Amino acid sequence: ASVTYHPRSPAHFLQMAMSAITPTNACLSISARRSYANKSESLVAIRSTSAARSIHSGIICGSKKDSKKGKKKKQEVTSTSSAAVTANAPSSVDIDWDNLGFGLTEAAFMFCAKKKRGSGEWEGGVVPFGDISLNPSAGILNYGQGVFEGMKAYRTAKDRIVVFRPDQNAARIGLGADRMCLEKVPEDMFIKAVIDTVAANKAYVPPLDKGAMYIRPLLIGNGPILGLAPAPECMFLVYVSPVGAYFKGGQLTPIDLVVSDTFHRAAPGGAGGTKCVGNYAQVLVTQLEAKGKGYADVVYLDAKEDKYIEEVSSCNMFVVKGKTIRTPPAGETILSGITRKSVIQIAKHRGYEVIEERVPLEDVLEADEVFCTGTAVVVVPVGSITYKGDKKVYCNGEVGTVGQEIYTAVTNIQYERAEDEFGWVVEVPEC
């Protein structure tokens, strides 16, 4: 059975959706589907076809040129498919915004779609948040066949809700799909799924300066497979959660790091530059050991020479000396972070010399300032780095001037306190 777009009533959508759900193809668990039916919510689905894209022709992936004037248009998305769902979405939620940490708060809705390997189309849509059903032999469970993204939505100073650079995440998950032999999610579908999921859960977007909505797109091989091979079916999910600062001390609190001289995060020829699920569980043992000794996280060196810095567990690193900022080049062992890319562009725009090159640990320990970047942490200053028992303190353990400047510049764009000169934010329209 397939669920397709029809401009009819919510009741019609519900009837179509429920008739399409079977024990073998349902995204939701039985309990979630019962809850779904009891609430009389509607599932509005999209299919990644030319017809569906023409129906939702308001989607613009990234930015494009005006054919007549040759001018670059600001990216925007017109979301219509989630209207029936968001009509029943909560208008407010009981959350203590002043004490919001970085943990999962279940929102009301998520996006779920499936596609057979090598055939058919993506089928699914926005559904109530709930458990998913997986065969024990699913590719993701047995062989780790999965990639994911990290993104954020913000409630801004202009009283809007915006998503930061979704086109970049769409492109990166496409590269990850190629690397992990997963079915690719078309860029327009990816952006629409994200926008629709945020719109359905807009009550969960924190007030201005109280945090952000974390967005987790997830692409997995959910089909059953016994031998080592790509899963016969893939599932694309998007769920969200309101979050506060990633590290305990709060945003812009300098963190203490320790260099691992035992474990490596990635190796040449591997998948370290892909945001795949297997790259993260392996660092937990090192991270937990470091946290047990009072450090916030771990710096990993290259696997070949144990000489050059690569990443912190989930962050890119930047090293400051005067007006020069250096960062390890993204590639086969280092993830091409969206925040990293944004910081490089902003720093260059502000007159800094930014060099993407391998950075020896000895240069890091002699730097004026070090900071890390990532979707979760945004920009976080490094207060100290410890290597083989020797501790190097930066900026007297306070926020450095460069890190502060870059953090302010990035967040001013994200929260629309400053003009978005680069066209990075995409508005989530009112439904």
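The values are calculated or read from the model by the stated rules, or taken from the named source; none is laboratory data. Source: prediction; values computed, not measured. Cβ sites come from the backbone with ideal geometry, for glycine too, and all protein chains shown count toward neighbours. Surface accessibility is based on the protein's heavy atoms, side chains included, excluding ligands, DNA and RNA. Shrake-Rupley method; radii C 1.70, N 1.55, O 1.52, S 1.80 Å.
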Pairs returned, first residue in region 345-361 that is among the basic types (Lys, Arg), second residue that is open to solvent by 70 Å² or more (accessible area, probe 1.4 Å), beta-carbon separation under 9 angstrom, 6 or more apart or interchain, are Arg358/Lys307
Within region 365-380, residues surrounded by fewer than 23 Cβ atoms within 10 Å (Cβ to Cβ) and under 17 Å from Gly322 (Cβ atoms) come out as Leu365, Glu366, Ala367, Asp368, Glu369
Those helices (runs of 4 or more DSSP H) completely within region 313-431 that have 3 or more residues that are under 22 Å from Lys210 (Cβ atoms), basic (Lys, Arg) and at pLDDT 95 or above are none
Per the filter on region 233-250, residues of a type outside the set (Gly, Ala, Ser) and in contact with a strand residue (DSSP E or B) (Cβ under 7 Å, 6 or more places away or on another chain) are Glu233, Cys234, Met235, Phe236, Leu237, Val238, Tyr239, Val240, Pro242, Val243, Phe247
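Quick grid of which residues meet (1) in contact (Cβ under 8 Å) with a residue 12 or more places away in the chain; (2) in contact with a Lys or Arg (Cβ under 6 Å, 6 or more places away or on another chain); (3) open to solvent by 40 Å² or more (accessible area, probe 1.4 Å); (4) on the phi > 0 side of the Ramachandran plot:
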site	(1), (2), (3), (4)
Asp256	yes, no, yes, no
Val259	yes, no, no, no
His264	yes, no, yes, no
Gly270	yes, no, no, no
Thr274	yes, yes, no, no
Val277	yes, no, yes, no
Ala290	yes, no, no, no
Glu305	no, no, yes, no
Ser313	yes, no, no, no
Exactly one of Leu175, Leu218, Leu208 is open to solvent by 10 Å² or more (accessible area, probe 1.4 Å) and in a loop (DSSP other than H, G, I, E, B), and that residue is Leu208
Picking from Val298, Val285, the residue that is surrounded by fewer than 14 Cβ atoms within 10 Å (Cβ to Cβ), within 26 Å of Phe102 (Cβ to Cβ) and touching a residue at least 12 places away in the same chain (Cβ under 8 Å) would be Val285
Checked region 64-97 for anything at pLDDT 75 or above and either surrounded by fewer than 10 Cβ atoms within 10 Å (Cβ to Cβ) or small (Gly, Ala, Ser) (or both); matches are Ala89, Ser91, Ser92, Asp94, Asp96
Restricted to region 381-413 and to residues being out of contact with any strand residue (DSSP E or B) (no Cβ under 8 Å at 6 or more places or on another chain) and without any contact (Cβ under 8 Å) to a residue 40 or more places away in the chain, the residue most open to solvent (accessible area, probe 1.4 Å) is Asn396
Over region 332-364, the set of residues small (Gly, Ala, Ser) and farther than 20 Å from Arg165 by Cβ is Gly351
Residue pairs qualifying under the 7 Å Cβ cut-off, at least six apart or on distinct chains, with the first in region 103-124 being acidic (Asp, Glu) and the second being assigned to a loop (DSSP other than H, G, I, E, B), are Glu106/Phe129; Glu121/Ser48; Glu121/Thr49; Glu123/Ser2; Glu123/Val3
